[in-house]
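K.L.:
Pasting a structure below so you can have a look.
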Amino acid sequence: MGIVVSIISSFASNLWNHSNDVNEDIAQGKKTVLTQNYVSYKTTVVLSMALYIISIISVLYLSILLKKPIYYFFLPWSIITWWYSDSIFLRKIFGFRLKTHYFGEIITYGIACPSYTLSIWLIYSDLNYQGIAVALAFSFLGISGVLLKDIKDISGDRKAGLRTLGVIFTPSKLLQASSIFLILYYFTILDLISLKILKLGMLLVIIPFIWFIKDTFFYFHKKCWELEVKDIKSIQIMMKSTYISVILLGIGAFI
């Protein structure tokens with residue numbers, strides 16, 4: 001059930017985001033199921049809404065079954081991720097989307113990352129210091145991700161008149177800040193392993209950490225964080241190493 005909830009909910013939020021960003025994606029030349037007309041706009045909206053409802057019902061069922069307050073954390077995630085992307089309903093009420101302003105981005109990821117982590121954590125375990133520490137680690141990871149994401153969206157956001165992090169801050173500052181938060185993520189995980197809060201098998205995360213430090217952090221530090229077209233490989237290493245770290249954490253949990 002934990003796997004099912006995580007898959008359905010993440011699919012729901014991603015599909016909802018693309019449904020509300022279809023005009024921006026077309027303007028930026030992005031290839032999605034909507035911009036390529038593989039699926040109709042109405043279908044994606046209805047499907048994403050249905051997936052949100054299914055995931056919420058599943059969490060409410062699990063909360064009753066396991067006698068745990070899982071929905072305390074899952075409902076805030078559902079509301080904030082919905083509002084973050086919504087240009088159909090809530091935008092008409094409040095007059096803005098959270099994702100169109102850097103303050104909204106920070107609020108969204110600051111709430112969504114720890115609350116989602118804790119809601120999934122509670123399906124498998126109890127609410128304890130270990131879960132809170134893991135939620136903190138993934139909050140660092142989430143903030144690092146949004147900072148890096150905004151770098152590639154700068155031109156599109158600027159054309160759309162948005163006030164995102166990518167528009168307000170320079171790409172160099174965003175990359176530097178993203179790298180710092182990523183280091184905080186790794187340090188938190190390694191600290192939890194040293195305190196024997198997480199399993200020793202999760203020490204596998206040291207592999208992508210060293211890769212990131214060597215080929216991305218030190219590389220850009222020597223350049224004073226100035227970005228050039230040729231630096232795309234180092235940024236890709238940063239992204240790949242992050243994905244690998246999450247996979248290795250999952251593998252390490254069973255060792």
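The values are calculated or read from the model by the stated rules, or taken from the named source; none is laboratory data. Worth saying up front: this structure is predicted, and the values here are computed from it rather than measured. Note: ideal-geometry Cβ built from the backbone for every residue, glycine included; neighbour counts use all protein chains shown.
K.L.:
What about residue 191, is it assigned to a helix (DSSP H, G or I) and either hydroxyl-bearing (Ser, Thr, Tyr) or surrounded by fewer than 14 Cβ atoms within 10 Å (Cβ to Cβ) (or both)? Break it down stepwise before answering.
P.N.:
On the way: assigned to a helix (DSSP H, G or I): yes; either hydroxyl-bearing (Ser, Thr, Tyr) or surrounded by fewer than 14 Cβ atoms within 10 Å (Cβ to Cβ) (or both): yes.
Yes; evaluated as a whole, the condition is true for this residue.
K.L.:
I'm told residue 112 meets every condition in (1) without any contact (Cβ under 8 Å) to a residue 40 or more places away in the chain; (2) more than 30 Å from residue 23 (Cα to Cα); (3) in contact with a Phe, Trp or Tyr (Cβ under 7 Å, 6 or more places away or on another chain); (4) surrounded by 17 or more Cβ atoms within 10 Å (Cβ to Cβ) except one. Can you identify the failing condition by its number?
P.N.:
(2) is the only condition that residue 112 fails.
K.L.:
Of the conditions (1) buried (at least 17 other Cβ atoms within 10 Å of the Cβ); (2) at pLDDT below 85, residue 95 clears all except one; give me its number.
P.N.:
Result: residue 95 passes all but (1).
K.L.:
Please enumerate the residues belonging to segment 218-245 that are β-branched (Val, Ile, Thr), free of Cβ contacts under 8 Å to residues at least 40 places away in the same chain and under 20 Å from residue 184 (Cα atoms). Full working, then the answer.
P.N.:
Within segment 218-245, the first condition is being β-branched (Val, Ile, Thr), and the residues that meet it are 229, 232, 235, 237, 242, 244.
The next check asks that each one be free of Cβ contacts under 8 Å to residues at least 40 places away in the same chain; those that pass are 229, 232, 237, 244.
Answer for segment 218-245, where residues must be β-branched (Val, Ile, Thr), free of Cβ contacts under 8 Å to residues at least 40 places away in the same chain and under 20 Å from residue 184 (Cα atoms): 237, 244.
K.L.:
Kindly indicate which of 43, 81 is closer than 28 Å to residue 131 by Cα and either at pLDDT below 95 or of a type in the set (Ser, Thr, Tyr) (or both). If you could, list the steps in order and put the result at the bottom.
P.N.:
Numbers: 43 fails: closer than 28 Å to residue 131 by Cα.
None of the other options fit; the residue is 81.
K.L.:
Additional query: It is to be established whether one or more residues within segment 19-38 are within 24 Å of residue 141 (Cβ to Cβ), surrounded by 17 or more Cβ atoms within 10 Å (Cβ to Cβ) and touching a Pro at 6+ places or on another chain (Cβ under 7 Å).
P.N.:
No: zero hits.
K.L.:
Quick one: which residue in 247, 235, 213 is in contact with a Leu (Cβ under 8 Å, 6 or more places away or on another chain) and either assigned to a helix (DSSP H, G or I) or aliphatic (A, V, I, L, M) (or both)? Walk me through how you get there before you give the answer.
P.N.:
Details: 247 fails: in contact with a Leu (Cβ under 8 Å, 6 or more places away or on another chain); 213 fails: in contact with a Leu (Cβ under 8 Å, 6 or more places away or on another chain).
One residue alone meets the criteria, 235.
K.L.:
Related question: Kindly state which helices (runs of 4 or more DSSP H) lie completely within segment 23-125 and contain at least 2 residues that are more than 30 Å from residue 154 (Cβ to Cβ).
P.N.:
Result: 41-66, 70-85, 102-124.
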